[in-house]
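Okay, structure first, notes after.
The values are calculated or read from the model by the stated rules, or taken from the named source; none is laboratory data. Quick caveat, the model's predicted, so the values are computed rather than measured. Note: ideal-geometry Cβ built from the backbone for every residue, glycine included; neighbour counts use all protein chains shown. These area figures cover heavy atoms from the full protein model, side chains too; ligands, DNA and RNA do not enter into them. Shrake-Rupley method; radii C 1.70, N 1.55, O 1.52, S 1.80 Å.
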Amino acid sequence: MKFATYRNDSRDGQLMLVSRDLTQACEISDIASTLQYALDNWAQTEPQLKQRYQQLNDQQIEAQPFNPQRCESPLPRAYQWADGSAYVNHVELVRKARGAEMPESFWSDPLMYQGGSDDFIGPMEDIILPSDEWGADFEGEVAVITDDVPMQCSAEEAAKRIRLIMLVNDVSLRGLIPGELGKGFGFFQSKPASAFSPVAVTPDELGDAWQDSKVHLPLRTTYNGELFGQPEAGEDMTFNFGQLIAHAAKSRNLGAGAIIGSGTVSNKQGTAHGSAVAEGGRGYSCIAEIRMIETIRDGSPSTPFMQFGDKIHMEMLDGRGNSIFGAIDQQLKPLKA
């Protein structure tokens, strides 16, 4: 199944079912008015939603053209947004960029931070910031939405609690990160609102591309109209989503609707940390990585962070070239006084 949330007069929007090819949508308030309601009552709503989804794809019910411009995040606000860093290659690179060594424990114990979940950006809404001198960076990721997860849940059991999958642009302010982490208390100001794909999908929609609690497809990032990266999301993912969820549930219960992110999708690409698309490589899912490669190669970075007016586009295609989640398509703009 595929779900989107249209803006309306409420904070949580109107839940829509979206056809498999992302061309049609139908309102389903008789089953669930919001995605959170559907997740809270999944055992009851899932059978009805599956039946309605089949009818939508078979053109047996009234529908309307799907309009991504009307979309908020599938969950416009969430009880929990915890972002991991499953691609250790990315961790190593960004730590080197700020002169920090990477402990060996990072290969066996995931990193995770708790992000703000009260104010997500819509997939086609502008990224609004007071300044473009804070080192604004995009980060292309995959995320899952869970059912209730009990404390001390195993990774195997946690994987069974995954209900939906979506894409993420986890915006980072690289210029603010060192000062915040230097205080020894984690991210806050350096992690503004994140954006999620227009559509969240059940794992079965991915077919064989969903294996071992990983998405085995490239994540395409286009920056200012040029392909910036297409790393494979299923490769070099040290911790799968079951392990990330279990890590988050080590000392607490997770409620239905909790969002767990993969961290920036990043490939090692052989013996090097990676190479740019222009050089025949898979490229990157954030600016910080290419800046680190430039530093290693040239002694200093040459690619600037995002400036006002810059545009970022993220999408994942299936084996036939069809968009699975719709696109995150944003522009960085200044906060107006």
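Applied to region 54-64, the Karplus parametrisation 6.51 cos²θ - 1.76 cosθ + 1.60 on θ = phi - 60° returns per-residue 3J(HN,Hα) values of 5, 5, 5, 5, 8, 6, 9, 10, 5, 9, 9 Hz, with x for Gly and Pro.
Every helix of 4 or more DSSP H residues in the chain counts as -39500 (n - 2.57), and over all residues that averages to -5500 deg cm²/dmol at 222 nm. Take every Cα pair under 8 Å whose residues are at least 6 apart in sequence, average their separation, divide by the length of region 90-238, and the relative contact order is 21 percent.
Beta-bridge orientation, the chain: approximately 90 percent antiparallel, per DSSP, counting only bridges with both partners inside. Residues whose amide H comes within less than 5 Å of that of residue 73, counting only those at least five positions distant or on another chain, are 122 (H built at 1.01 Å from N in the peptide plane). Per-residue Karplus couplings for region 11-26, computed as 6.51 cos²θ - 1.76 cosθ + 1.60 with θ equal to phi - 60°, are listed in order as 5, 9, x, 10, 5, 10, 8, 10, 5, 4, 8, 6, 9, 10, 9, 9 Hz, Gly and Pro entered as x. Spin-label model, residue 11 to residue 303: label points 7 Å out along the Cα-to-beta-carbon direction sit 3.8 nm apart.
Taken along the Cα-to-beta-carbon direction at a fixed 7 Å, the label points for residue 79 and residue 151 span 1.5 nm. Surface composition of region 13-160: carbon and sulfur atoms hold 43% of the protein heavy-atom accessible area at a 1.4 Å probe. Counting only Cα atoms, the chain measures 61, 43, 42 Å along its principal axes, largest extent leading. Each Lys and Arg adds +1 at its Cβ and each Asp and Glu adds -1 at its Cβ; summed about the Cα centre, region 1-58 shows a dipole of about 140 debye.
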